[in-house]
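Notes to accompany the following structure.
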Amino acid sequence: MSGGLALRLRAAPTFRLDLSPLTPERLAGQSADAVARILLAYGRRSVPVGEWFDVRGSADRQILIEGDATRLDRIGADMQDGQIRVEGNAGAYLGIGMRGGRIDVSGSVDAYAASGLTGGLVRIGAHAGDYLGAALPGEHRGMRGGVVIVGGSVGDRACDHMRRGLILVEGACGDYCGSRMQGGTIAMLGACGARPGFSMRRGTLLFAGPAPSPGPTFNDAGALPLGFLVLLARSWKELPSRFASLSRLSTRVQRWVGDLAFGGQGELIHWPG
Amino acid sequence: MIVNGVSIDDTFAEAFAMRGTRVIITAHTPAWARQAAVSMTGFATSVIGCGVEAGIERELDAAQTPDGRPGVAVLLFATSSSELAKQLERRVGQCVLTTPTSAVFSGIEAGRALPLGKTLRYFGDGYQISKVIGGRRYWRVPVMDGEFIAEDTAAMSDAIGGGNFIILAAATSPALAAAEAAIEAMRRVSGAIMPFPGGVARSGSKVGSKYKTLIASTNHAFCPTLRASVDSELGADVECVYEIVIDGLTEQAVRDSMQAGLRAVCAVGGAGGIRRLSAGNYGGKLGKFHFPLRTLLP
């Protein structure tokens, strides 16, 4: 990242550190000194940014976070514009409520990444924890737009209560992927855990690698060509993901519909190479 | 002004503001895409009786369409946005949805939205599926050969209708030959269509009639059989007259199309039996857009 604001974490914090105040649009035009005085929630206390970070540069819609950020939560929360780049791992709730812009994490992230996402792009270089793109406990609205790309694998319950948007997983997915899903699409190149699409009402789980093992409340709709897959694959062409070069000779796929206990308008699609 | 033996009248075509849209129809083969487009643009020669003027703009190969299948671009023009929306829904619903393997997409990026799949989806009786892909919503409507894919909305554009020119020839054969040559040249222009059968109208009309219920009637000044009966535009050397009407998404498209057609007619020339080129107008009082013939030639 050339220019922009750089935050270097001096040491791994003992407690969770909430970075939600540090979004590009909130910091726009602020100097490094001003940013260093912003208060962050740290356990039961509030601490200035400067207590944990070396701050350099100035905020011009780009923020770089360096260091072991495993305990840095809510990075890019409610972000609307600009770009955040994390060199290393990030904590939980990455990009929660994000509406636009872009977040790049070179490492792995913890649970609830992209929860409530409505726009923008989140790219996770390694793995994502449980509840990727899912709704928070007690809420009924998970991801509702935007794109999430995961270079590695994701944990359990990805896309729980997801409504719209796209998640591309280049690795494997955990158990109950797409649980309670109401719309949107998740595609994966790796294997999928147990009970994909459990209690989903609508939406698409696309398996571009190994075939899934649908639960008993999914019906096998057989093999048939689906033209919309061409539109879907073409929309990936510009994305920074292995899905951009996904090559399939035919749109003839194996399809299961379900969850039949919840309306049955969701679908599991196996589109092997 | 005379070009290659053809006399060019010192007159202009008078065109009007319309509303237009472009949709892209794709199918498993070029033939089926074309069949859907032909059905959709049938009975769409004039807003006077058809509600909409429509035609095939051009054929598209697989690399030019959203779903990678062969397709056809269709243009539709109406005098109001509500009529355009009504005709689009009706024609896509009856002619494209019904065509084997077809799909339909918006062919204009920006503009006021016209419902496309948004209303046609109800044919799916609740089994239809919505997919937002790349920021655009598509509907997957189950049909007997799989799924009918329709983009949620098409976009509407300001447009121009009623560009025209009139070919006056010594006989039927040279008139037809010149008109066909003009249409072939004009079909290479993007953003414009010629809505009449084969692009050519033999029943040019004037506004009004002796019969109070008619809003348009035969253009008697250009009818060869009335040469001796009315204040005719035709000399003794003209036996056959054809009119070509052009609708376009932009003024430039109409201008380019007219120019291509006029040049093709002049290429046939006086030696080929073409006597004059003229154009229809209302004295410049009704239409906002004027296209003087002599500025488009040679």
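FYI, it's all coordinate maths here, none of it is from the lab. In this text, all values refer to a predicted model and were calculated from it rather than measured experimentally. Because the Cβ atoms are built from the backbone with ideal geometry, glycine has one as well, and the counts that use them run over all protein chains shown.
With a point put 7 Å past each Cα toward its Cβ, work out how far A:Glu139 is from B:Ser130 in nm, to one decimal.
Placing both labels 7 Å along Cα→Cβ, they lie 2.0 nm apart.
What list of ³J(HN,Hα) values in whole Hz, one per residue of region A:252-257 in order, does the Karplus curve 6.51 cos²θ - 1.76 cosθ + 1.60 (θ = phi - 60°) give from phi, with Gly and Pro shown as x?
Result, ordered by residue: 6, 9, 8, 10, 10, 10 Hz.
Which net charge results for the neighbourhood of A:Tyr42, defined as the other residues with beta-carbon distances under 15 angstrom from its beta-carbon, given Lys and Arg at +1 and Asp and Glu at -1?
Within the 15 Å Cβ shell, the charges total +4.
Using Cα centres only, tell me the gap between region B:52-69 and region A:142-184 in whole Å.
35 Å
Please find the FRET efficiency linking B:Ile2 to B:Ser190, where r is the Cβ-Cβ separation and R0 is fixed at 25 Å, and quote it to the nearest 0.05.
Here the calculated transfer efficiency is 0.25.
Sequence gap of 8 or more, or different chains, plus Cα separation below 28 Å: how many lysine pairs satisfy both in the protein assembly as shown?
For the protein assembly as shown, the number of qualifying lysine pairs is 13.
Can you list the residues, at least 5 places off or on another chain, whose amide H is less than 5 Å from the amide H of A:Val109, using H built in the peptide plane?
Placed amide hydrogens put A:Ala90, A:His127, A:Ala128, A:Gly129 under 5 Å from A:Val109.
Hey, with R₀ at 56 Å, roughly what FRET efficiency would B:Thr213 and A:Ser250 work out to, going by the Cβ-Cβ distance, to 0.05?
Calculated transfer efficiency: 0.45.
Would you calculate the separation in nanometres between label points at B:Leu286 and B:Ala228, each defined as 7 Å from the Cα along the Cα-to-beta-carbon direction?
3.1 nm
Rounded to the nearest 20 Debye, what is the dipole magnitude of region B:1-154 about its Cα centre when Lys and Arg each give +1 and Asp and Glu each give -1 at the C-beta?
With Lys and Arg at +1 and Asp and Glu at -1, about 580 debye.
To the nearest 20 debye, what charge dipole does the protein assembly as shown have about its Cα centre, counting +1 at the Cβ of each Lys and Arg and -1 at the Cβ of each Asp and Glu?
Using Cβ point charges on Lys, Arg, Asp and Glu, the protein assembly as shown gives about 640 debye.
How big is the C-alpha Rg of the protein assembly as shown next to the rule-of-thumb value 2.2 N^0.38 Å, as a ratio?
Output field value: 1.27.
Quick one: if you stick a label point 7 Å off each Cα along the C-beta vector at B:Arg202 and B:Ala171, how many nm between them?
1.6 nm
Can you list the residues of region A:45-88 with backbone N under 11 Å from a point 7 Å past the Cα of A:Arg26, pointing along Cα to Cβ?
A:74-80
Find how many whole Å separate the alpha carbon centroid of region B:231-298 from the alpha carbon centroid of region B:202-216.
21 Å
Got a sec to turn the phi values of region B:154-166 into Karplus ³J(HN,Hα) couplings, 6.51 cos²θ - 1.76 cosθ + 1.60 with θ = phi - 60°, whole Hz, x for Gly and Pro?
9, 10, 9, 10, 5, 8, 10, x, x, x, 6, 8, 10
Suppose R0 equals 30 Å; then what is the FRET efficiency for B:Asp10 and B:Arg112 from their Cβ-Cβ distance, rounded to the nearest 0.05?
Efficiency at R0 = 30 Å is approximately 0.20.
In whole Hz and in residue order, list the ³J(HN,Hα) couplings for region B:271-288 that follow from phi through the Karplus curve 6.51 cos²θ - 1.76 cosθ + 1.60, θ = phi - 60°; x for Gly and Pro.
Computed from phi, the couplings for region B:271-288 are 5, x, x, 8, 9, 9, 10, 9, 8, x, 8, 10, x, x, 8, 9, x, 7 Hz.
Under 17 Å from a point placed 7 Å out from the Cα of B:Phe43 along the Cα-to-Cβ direction: which residues of region B:84-108 have their backbone N that close?
Under cut-off, by backbone N: B:84, B:86-99.
If Lys and Arg each add +1 and Asp and Glu each add -1, what is the summed charge of the other residues whose beta carbon sits under 13 Å from the beta carbon of A:Ala261?
For residues surrounding A:Ala261, the net value is +2.
Is region A:1-98 rounded, prolate or oblate when judged by the Cα gyration tensor, a ≥ b ≥ c being the square roots of its eigenvalues, rounded requiring a/c under 1.5 and prolate requiring a/b larger than b/c?
rounded
What is the Cα centroid distance between region B:10-42 and region B:88-122, reported in whole angstrom?
13 Å
Sorted from largest down, what three extents in whole angstroms do the Cα atoms of region A:111-270 have along their principal axes?
36, 35, 22
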